[in-house]
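Chemist: Take this structure, written in structure tokens, and hold onto it; I'll ask about it next.
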Amino acid sequence: MKRVVITGVGALSPLGHDWPTVRTRLREERNVVRYMENWDGYEGLNTRLGVTVAPFDLPAHYNRKVTRSMGRVAIMACLASEKALADAGLTGDPLVTSGRLGISYGSSVGSPPAVGDFGNMINRKTTEGINANTYIKMMSHTAAVNIGVFLGATGRIIPTSSACTAGSQGLGYAFEAIQSGRQVAMLAGGAEELDAADAAVFDTLFATSTVNTTPHLSPRPFDAERDGLVLGEGACTFVLEELEHAQARGARILGEILAFGTNSDGTHVTQPNAQTMARAMDMALQDAGLPPEAIGYINAHGTATEHGDVAETNATHRVFGTRTPISSLKSYMGHTLGACGALEAWMTLEMMRDGWFAPTINLHAVDPRCGELDYVRAGGRELQTELVMSNNFAFGGINTSLILRRWPQ
């Protein structure tokens, strides 16, 4: 089996678009949640809290002709992928269009405004507002195919539209495609654009935070007083390569994906199952040939929902006991849905490289129903480790676990 290394990352995140900026925000231990004034017009919507991506400029070549098939989610995905290729030293490289580089990428849905255009057609019995590109913007694999067309990539395309695990499955399936020798390199990750429609999905399940007048206090994963999740947006693309290929071209190696575990609960669409969550973590450990004590830090999915936090932490306790430090980056930037698996894996990789892991902010008193774990709290944790795990869990009972290894610097 081939070894798979990370040679580039491009990101658009609520905390910033490069690691020094993100690290500064994490060190400040402040979130970027805000009141979404433009949601005030939606009758029945309880939450007003959201997290937008930090401001970014589009290069001039993102003209109308190029972006006509793209909603915001696809634009962010393409820009993150361009940034990742540049970071890997592959801009304009023949590898991109050779068929040896593929794309494994996802989002929860396509661009919500395009979905709304078809909704208007159904409700108003008119095709007004629909054009040849409306479906391309709406379709669940819009990010993956737009990246492919934008870059001229001719390798395999693996759409991973699996809600909260879209980004982590994007990485995992790309890892498997290279590991098995079917591709030499992959662009992998996920993206999501923030919309009131996303908030309404979780609002109807009473899963959103509604402390609308105190955005700085939410979300608060694992805390006894948490009241739900906060939605965000972003995009993150990894360049993954077969190790020998990366070394042959003299690439800078950021880290290695060592293992990937994924499964499904098979029990309930929205109620998580601690037993199968634990099994996904076990699968990753078995794939890597590692005992639980080899993992130095766990990046939790940590959504700040009642059932999610309780199930996840008890599943983690089953596998790791109380020994392994754990925290949730969603406490800073909310739940970025299809982007979270990739954004959080990137930040976890960088924290490992730095030797400092961010705490879960707003965590004052752990819910006694949560598993007994080593929760990283105020001040973070100075820690040298070679191995970390990043976990994500999605609607439909989809579970993912990635193990990353630090590359010698």
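The values are calculated or read from the model by the stated rules, or taken from the named source; none is laboratory data. From a predicted model like this one, the values you see are computed outputs, not experimental measurements. We place every Cβ from the backbone using ideal geometry, glycine too, and count neighbours over all the protein chains shown. Only protein heavy atoms, including side chains, enter the accessible area calculation; ligands, DNA and RNA are left aside. Shrake-Rupley method; radii C 1.70, N 1.55, O 1.52, S 1.80 Å.
Chemist: What is the packing order of peptides 352-363, 368-379, taking the mean over residues of other C-beta atoms within 10 Å and listing the highest first?
Modeler: Put in order of decreasing packing, that is 352-363, 368-379.
Chemist: Determine, from the Cβ-Cβ distance of PHE206 and ALA378 and an R0 of 45 Å, the FRET efficiency 1/(1 + (r/R0)^6), rounded to the nearest 0.05.
Modeler: Numbers: r = 29 Å, r/R0 = 0.65.
Calculated value: 0.95.
Chemist: Per the 1.4 Å probe, what fraction of the accessible area of region 86-139, in percent, lies on carbon and sulfur atoms?
Modeler: Here it works out to 55 percent.
Chemist: If Lys and Arg each add +1 and Asp and Glu each add -1, what is the summed charge of the other residues whose beta carbon sits under 9 Å from the beta carbon of GLY71?
Modeler: Once all neighbours under 9 Å are counted, the net charge is +1.
Chemist: Moving on. Compute for region 156-246: radius of gyration divided by Kirkwood radius, i.e. Rg/Rh, restricted to C-alpha atoms, rounded to two decimals.
Modeler: The Rg/Rh ratio comes out at 1.14.
Chemist: Report the local net charge at ILE398: Lys and Arg +1, Asp and Glu -1, summed over other residues whose C-beta lies under 13 Å from its C-beta. Spell out each step's value before the answer.
Modeler: Values: positive: ARG279; negative: ASP265.
Taking every other residue near ILE398 into account, the sum is 0.
Chemist: Skipping prolines and chain starts, which residues have an amide H placed within reach, meaning under 5 Å, of the one on HIS335, given they are 5 or more residues away or on another chain?
Modeler: Hits under the 5 Å cutoff: VAL230, LEU231, GLY232.
Chemist: Once you charge only the Cβ atoms, +1 for Lys and Arg and -1 for Asp and Glu, what is the size of the charge dipole of region 79-224 about its Cα centre, to the nearest 20 debye?
Modeler: That gives region 79-224 a dipole magnitude of about 360 debye.
Chemist: Could you please state how large a percent of the accessible area of region 295-354 is carbon and sulfur, counting protein chains only and using a 1.4 Å probe?
Modeler: Reported share for carbon and sulfur atoms: 40 percent.
Chemist: Right, here's the next one. Hey, could you pull the Cα Rg and Dmax for the chain, both in Å?
Modeler: Gyration radius and largest Cα-Cα distance of the chain: 19.9, 61 Å.
Chemist: A further question follows. How many Å² of accessible area per residue for region 189-244, probe 1.4 Å? Don't skip to the answer; put the middle values down first.
Modeler: Working: 1730 Å² over 56 residues.
Per residue, region 189-244 has 31 Å² of solvent-accessible surface.
Chemist: If the chain between ASN38 and PHE118 were fully stretched, how many nm would it gain, using 0.36 nm times the residue separation less the Cα-Cα distance? Walk me through the numbers on the way to the answer.
Modeler: Numbers: separation 80, 0.36 × 80 = 28.80 nm, distance 2.16 nm.
So the extension gain works out to 26.6 nm.
Chemist: To continue, here is another question. From the phi of every residue in region 378-391, what ³J(HN,Hα) in whole Hz does the Karplus formula 6.51 cos²θ - 1.76 cosθ + 1.60 yield, where θ is phi - 60° and glycine or proline is x?
Modeler: Working through the residues one at a time gives 2, x, x, 9, 6, 7, 9, 8, 9, 9, 9, 10, 10, 10 Hz.
Chemist: With all protein chains present and a 1.4 Å probe, how do LYS330, LYS83, LYS2 order by accessible area, largest first?
Modeler: LYS2, LYS83, LYS330
Chemist: Okay, next question. For a quick check, take a GNM of the chain with Cα springs below 10 Å and name the residue from ASN263, ASN392, ASN131 with the largest mean-square fluctuation.
Modeler: ASN131
Chemist: For a protection proxy built on the mean count of beta-carbon atoms within 10 angstrom, sort 73-81, 133-141, 27-35, 167-175 highest first, please.
Modeler: Ranking the peptides 73-81, 133-141, 27-35, 167-175 by packing returns 167-175, 73-81, 133-141, 27-35.
Chemist: Still on this structure: How long is the gain from THR97 to HIS61 if the chain were fully straight, where each residue apart is worth 0.36 nm and the alpha carbon distance is subtracted? Show your work: numbers first, answer last.
Modeler: On the way: separation 36, 0.36 × 36 = 12.96 nm, distance 1.88 nm.
Taking THR97 through HIS61 to full extension adds about 11.1 nm, to one decimal.
Chemist: OK, next. Leaving ligands, DNA and RNA out of it, report the carbon-plus-sulfur percent of the accessible area of region 355-394 at a 1.4 Å probe.
Modeler: 50
Chemist: Just want the answer: with Cβ charges of +1 for Lys and Arg and -1 for Asp and Glu, which residue in PRO112, LEU79, THR91 is farthest toward the dipole's positive end in region 65-133?
Modeler: Value: PRO112.
Chemist: Would you grab the residues whose amide H sits under 5 Å from the one on LEU329? Only those 5+ places off in sequence or on another chain, please, with H modelled 1.01 Å from N.
Modeler: Amide H neighbours of LEU329, under 5 Å, 5+ apart: ALA300.
Chemist: Separate question: With labels modelled as points extended 7 Å from the Cα through the Cβ direction, what inter-label distance (nm, one decimal) is found for THR24 paired with GLN271?
Modeler: 4.7
Chemist: When ligands, DNA and RNA are left out and all protein chains stay put, how many square angstrom of accessible area per residue does region 286-378 have with a 1.4 Å probe?
Modeler: Per residue, region 286-378 has an accessible area of 28 Å².
Chemist: 222 nm [θ] for the chain, helices only, -39500 (n - 2.57) per DSSP H run of 4+, per residue, to 500?
Modeler: -10000 deg cm²/dmol
Chemist: Hey, can you rank 294-302, 239-247 by average C-beta count inside 10 Å, highest first?
Modeler: Going by the mean number of other Cβ atoms within 10 Å, highest first, we get 294-302, 239-247.
Chemist: While we're here: In the calculated pair distance distribution of region 345-401, what percentage of Cα-Cα distances lie above 17 Å?
Modeler: Considering region 345-401, 53 percent of its Cα-Cα pairs are separated by more than 17 Å.
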